[in-house]
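Working notes for the structure below.
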Amino acid sequence: MDTLVGAESPSLSSSEESLSLHCDILADSLFDEKSLLNFFNEQEQRDFKTSVIRNILHDRNYKTLCTLGMSNFGFVSTPLRKECWFELLSRQLRVSQGSGYTTNKGCTREHRDENQVSLDVQRSFTSVTDEGRKEKLRKLLERIIVKILRRYPKLSYYQGYHDVVSVFVIVFIEGHDYDDECNFLSLSGMTSKSDDNHSNGAAEDKSNGVSSSTTDLYENETTSKIGFDEDKLLRCVEAFTLLYLRDFMMDSLDFPIDQLRLIPEFIKKNSKAFYKKLNLDKIEPFFAISSILTVFSHELKPSENEPDSLIFQIFDFVISSQSMVVPLAMYATLIMEKKDTIIEAYNANIDNFENSVDLVHGVIQQVLVPTRCAEKIWKQILEEVRSNPSREHISKYRGLVNRYSTLLTTASGQLHTSYEVEDVIKLLEKEIALNSKRKTSKAHAKLHKTNTMRTFARLFSSRSFPLICKVSIFVGMLAIFMKLYRDGSIKAMLPTLRIYLKKYQCSSFAGLYRGLNYVWLDPLHELLKNPSLPRWASKVSRSISSSKDSDF
Amino acid sequence: MFQFKLVLLGDSSVGKSSIVHRFVKDSFDDFRESTIGAAFLSQTIKIRDTSSDSTEDTVIKFEIWDTAGQERYKSLAPMYYRNANAALVVYDITQQDSLSKAQNWVNELKNKVGDEDLIICLLGNKLDLCDSSDNGDKRAVMTDEAKVYAEEQDLLFYEVSAKTGQGVKDVFQSIGEKLYQIKKEEMLSKKGRQAASAKDSVNVKLQRPSTNDPTSCCY
């Protein structure tokens, strides 16, 4: 860390004074791909950006921080990243002092998914070689997840959430020989000291009074080394969970699957031929589920030994842009980037798979697995997404996701918005209610597969059904009624209808009636067969009225 | 070459991915990372045809779909077991609970796939933890209990250890042989019916007919 503090390259350090004044103006263009800074080598650029970020953090210039997070190198290094993430996330999710959240510490009731959590945590951090370290990381990971789940018992845990949280754990544990007991000791020991330094700026962000410790980099360089701030980590995970991952934490996969459907839309916009080739109009894009649920952390496992791994920069980008559309756009870009390979594999395997669902899923899985380790491709994709931030509004796809979805609310890409935790909890509750409603209606639909009325309703409400067809159906129906009316047969039909109605009433009391749909279909059927209407109508009514006697 | 689709189902952490990796890569990790969604792998094996005159082995390829075990991923499973030729339903012999989850899977397969030719194999994993010579026998599901159930339901049944590799190859081998047998009979009857048609250029449909419609399955 020491090296980073004073590491501005000689050629740039002289401009530092004016730099802090104009940081926000500069930040917009300074670190993009075509910046003049490319004249300097990568290390120089990194050092320069480091000093810019430090200044911004010092000034608490939130907007510029977002811009910097989205540009080249992200937040550059782990120590900075930690501060920036906390700065951004604690701003995006505000936890006010007096809220129930702060006092809710004694919430110890076990969450229903804790068993699954420990099963997954046991299998996390597989790449860490040091057994002791691995054990400590796992313990911390489990504790964080369990704390979040117990604090918000309505959230449901999903396999993959542990991957996301492990990214935060790796970032926040950086530079610490993490130790349970030592952690709490050092934390309480340094509180008083850091309070003197900067109580005013930090106070608003604090969830409890104890921990206003390491917000400022300069003074606390040393203290942050000793104490690991679990509260900060917890605040970040909490904000990320509630604002970005909320859709995934229902008790079913419906909402994440909704989100996945944006991916084919993005691909379609890029290349319609490719979209058609992969049958994406017919196939559900389940192949992307692990990438999206884990924001790529399942593919790109975070590791302490690789602080420059692109997974961190992906998170920088997502948090800075406040957008969960980013992972979806990135996935679509990844597919487009690998287009040729995918087409090749598709053609090669076309005989091996009998159905196109298996074919596309198998091919995409096979093509994308090697990209897990390929930094280059991820770099390319990040550059792509950075240079073409999906400016188009998500509202275009409003119909695809539920209206309380993260994509439309808390992580819609709308910059610099912040939410009160209470409001987000309200959103969460609404979403959960919607989810369970959908589950029951789904189960209902399964039971009554042929429901004519619903088909009609869907036909008329769906946007894909062209207006001209709707109009023509309407005109057709109108014509039939006109004809009936002009022939005077409506009058003739009335007694028939009355009888049917009576019959329905009687049998519905007894719970016997089954065939309401056919009341309407039968006369129409006869009508089309028999041109001489009045005679038919009177015949039917006669026959019905004669059967009436036998019926009742 | 014949190709068959195979799917692994079962509760979380029973060792589905470990079994696949033992079979495909002949490797084992004590803690294999959780599967999210599903993973796809393929592997070929050789089958000796005892009935035919030729001494050459037949190569068959398994297209293996390894699914996630958590309950919430269950809704994705139909996509993977649809059109499957064989399903490996895995349980952990040290966890009584996992057998009942396996039985749920068997029921679901029987109800939803409705195909006589689907081979279901009940697979008890973690045999290495149940070494009877050791004192630390962690067995919770008796072999007989599972065996009786498997016979009732007409399933193949094995106990294996992905860790030591014990029995894993045999499972895939016998499934392969069984599938090959079914395939051969199918081909023979087909040949019998259309004896006049061309011989070696016959393009045999290896998988069972499918509905290409993703909405046809119930999620």
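Remarks
- Legend: ranking of residues A:325, A:424, B:90, B:59 from fewest to most surrounding C-beta atoms inside 10 Å; resulting order B:59, A:424, A:325, B:90.
- Residue order for A:469, A:66, fewest other beta carbons within 10 angstrom first, comes to A:469, A:66.
- Among the listed pairs B:46/B:178; B:16/B:101; A:277/B:61; A:154/A:437; B:61/B:169; A:269/A:338, those with a Cα-Cα distance over 18 Å are A:277/B:61.
- Each of A:350, A:473 was scored by other Cβ atoms within 10 Å of its Cβ. Arranged with the fewest first, they read A:350, A:473.
- Shielding by partners, peptide B:36-44 (average Cβ within 10 angstrom, other chains): 6
- Taken along the Cα-to-beta-carbon direction at a fixed 7 Å, the label points for residue B:111 and residue A:388 span 4.6 nm.
- The relative contact order of region B:2-191 comes to 25 percent, based on Cα pairs under 8 Å that sit 6 or more residues apart.
- Average beta-carbon neighbours from other chains, 10 Å sphere, peptide B:71-80: 5
- Label-to-label distance, residue B:178 versus residue A:470, with points set 7 angstrom from Cα along the beta-carbon direction: 5.4 nm.
- Average partner coverage of A:62-70, which counts Cβ from other chains inside 10 Å: 0
- The local environment of residue A:165, defined by Cβ-Cβ distances under 11 Å, has a net charge of -2 under the rule Lys, Arg +1 and Asp, Glu -1.
- Per the Debye calculation on region A:270-372 with a single equal scatterer at every Cα and no solvent contribution, log₁₀ I(q)/I(0) for q = 0.16 Å⁻¹ amounts to -0.75.
- Dimensions in Å of region B:2-191 - Rg and Dmax from alpha carbons: 16.5, 57
- Spin-label pair residue A:379-residue A:443: with each label point 7 Å from Cα along the Cα-Cβ axis, the two points sit 5.2 nm from one another.
- Dipole magnitude of region B:2-191, debye to nearest 20 (Cβ charges: Lys/Arg +1, Asp/Glu -1, about Cα centre): 640
- Sites residue B:104 and residue A:114 - FRET efficiency at Förster radius 25 Å, r taken between beta-carbons, to 0.05: 0.70
- Annotation: extensible slack from residue B:185 through residue B:47 equals 48.1 nm (criterion: 0.36 nm per residue apart, minus Cα-Cα distance).
- For region B:2-191, share of DSSP beta bridges that run antiparallel, in % to the nearest 5: 30
- Gain upon complete extension [residue A:348, residue A:433; 0.36 nm per residue less C-alpha separation]: 26.0 nm
Read-outs: derived from the displayed coordinates by stated rules, not from any lab. Note that the structure is a prediction, hence the values are computed from the model and not measured. Cβ sites come from the backbone with ideal geometry, for glycine too, and all protein chains shown count toward neighbours.
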